[in-house]
Amino acid sequence: MNDGIRFSELLAYTAEENRRWKEWFQKHPQAMEVPCDIAGPTVHHLLLHIFTADLLFAHRLLGLAPPDFKPLPHATIDELFAIGEGAAEKMSQFMERARSEDWNELVPLGSRDLKPSKRKMMAQAELHGVHHRAQLATLLRQQGYKQDWIHDILLSDAMR
């Protein structure tokens with residue numbers, strides 16, 4: 001049975017959204033400092049949270065140790081989004097190599113004794129990003145920072 005959507009399509013959608021957000025923040029860098037109580041005091045911290053979570057999941061999917069987040073450069077928009085781009089590359093690497101049995105492998109996350117399957121981790125990574133980007137879009141619109149695109153997957157190039 002084919003459930004109709006592939007993780008590769010969700011990764012493509014995420015990449016497209018992140019590219020658009022990066023371009024948008026380059027035009028509106030002051031929006032990075034908008035107060036935000038979702039994952040830290042500012043929008044910058046929310047984006048860092050999204051991208052470091054993606055990087056954690058990517059490392060675990062590839063069987064790598066959890067990353068050391070402290071030395072990751074993230075002061076600039078380019079540095080911040082590079083974390084997410086690197087995570088996406090790692091997730092793509094996993095998908096290119098993964099055999100069907102790899103998706104069911106249980107992997108410890110290193111917190112709360114969670115040991116989800118790689119399939120569940122990939123779903124969490126993608127949905128986590130969608131969830132927080134929706135919060136981001138709403139918060140910024142409420143603060144007068146309207147985005148110039150619609151975020152729906154229906155209008156993306158990710159799938160037909």
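Miscellaneous remarks
- For Gln93: the one exception among (1) assigned to a helix (DSSP H, G or I); (2) of a type outside the set (Asp, Glu); (3) closer than 22 Å to Gly40 by Cα; (4) without any contact (Cβ under 8 Å) to a residue 40 or more places away in the chain: (3)
- Among the residues listed as Asp37, Asp54, Asp68, the single one being of a type in the set (Asp, Glu) and more than 27 Å from Lys120 (Cβ to Cβ): Asp37
- Test for Gly84: is it out of contact with any His (no Cβ under 7 Å at 6 or more places or on another chain) and assigned to a helix (DSSP H, G or I): yes
- Check on Ile50, among the β-branched types (Val, Ile, Thr), out of contact with any strand residue (DSSP E or B) (no Cβ under 7 Å at 6 or more places or on another chain) and part of a loop (DSSP other than H, G, I, E, B): no
- Checked against the criterion of being in contact with a helix residue (DSSP H, G or I) (Cβ under 6 Å, 6 or more places away or on another chain), touching a residue at least 12 places away in the same chain (Cβ under 8 Å) and under 17 Å from Ala15 (Cα atoms), region 103-124 contains one or more residues that satisfy it.
Every read-out reported here was derived from the displayed coordinates using simple, explicitly stated rules and does not represent laboratory data. Not measured: the values here are computed from a predicted model. Positions of Cβ are backbone-derived with ideal geometry, glycine not excepted, and every protein chain shown enters the neighbour counts.
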